1. Round to the nearest 0.05 the FRET efficiency obtained for residue 175 and residue 36 when R0 = 30 Å and r is the Cβ-Cβ distance.
2. Between residue 114 and residue 77, how high is the FRET efficiency from 1/(1 + (r/R0)^6) when r is the Cβ-Cβ distance and R₀ = 41 Å? Nearest 0.05.
3. Expressed in nm to one decimal, what extension gain is obtained for the pair residue 86 and residue 124 from 0.36 nm per residue of sequence separation less their Cα-Cα distance?
4. Quick one: grab the alpha carbon gyration tensor of region 1-94, order the square roots of its eigenvalues as a ≥ b ≥ c, and give me rounded if a/c is under 1.5, else prolate or oblate depending on whether a/b is larger than b/c.
5. Considering all projection directions equally, how large on average is the shadow of the alpha-carbon convex hull of the chain, in square nanometres?
6. Per DSSP H run of at least 4 residues, take -39500 (n - 2.57); add these up for the chain, divide by its residues and hand me the 222 nm value, nearest 500 deg cm²/dmol.
7. How many angstrom lie between the C-alpha centres of region 107-184 and region 6-25?
8. Say we join alpha carbon atoms closer than 10 Å with springs in a Gaussian network model of the chain; which of 174, 27, 158 then has the biggest fluctuation?
């Protein structure tokens, strides 16, 4: 029997047991986040999206991870403080997890298995950019970097995946969210 995305155990950033099932019936944007990344300002757009669409059933779920350039070295308490004071984050944040490689959290194993390729903006190749910086990205189905985004529908199906450099407020993401929200 396959494990449902909804039943995989996670912990909230304040240590409470949880799962994506806690948000069943809602559209979820699952994002691996980091506090010291060039993409960290995406928190602003994520929060704006959350405030705009939460009453229509959108949840943004932030999962801090430290696999990319050690750009999330803090404790859960430090991350929570950073997110609330620097970006006024009000969407749910979770305890730091491993999203790639040894010790990969089952949630990210399931997300990447369900949607092995991320969509990019036309003309953008984030993988090539990383290689240009001397960073060796992993396999095509692995999380490429911080701020990769998975869109999960109201039934718990992974319906889309966006590359790290696709901003949360990009038309590609917004139109996918609006389409998912429109399906009841």
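1. For R0 = 30 Å, the calculated efficiency reads 0.50.
2. Values: r = 31 Å, r/R0 = 0.77.
With a Förster radius of 41 Å, E is 0.85.
3. Details: separation 38, 0.36 × 38 = 13.68 nm, distance 2.84 nm.
Between residue 86 and residue 124, full extension yields 10.8 nm more.
4. Details: a/c = 1.83, a/b = 1.25, b/c = 1.46.
Oblate.
5. 10.1
6. Calculated from helices alone, the mean residue ellipticity at 222 nm is -8500 deg cm²/dmol.
7. Here the two parts' Cα centres lie 21 Å apart.
8. So, out of 174, 27, 158, the one fluctuating most is 174.
Values quoted throughout were computed directly from the atomic coordinates according to the rules given, and no laboratory measurement underlies them. Bear in mind that the values here come from a model prediction, so they are computed numbers and not experimental data. Please note: Cβ atoms are built from the backbone with ideal geometry, for glycine as well, and neighbour counts cover all protein chains shown.
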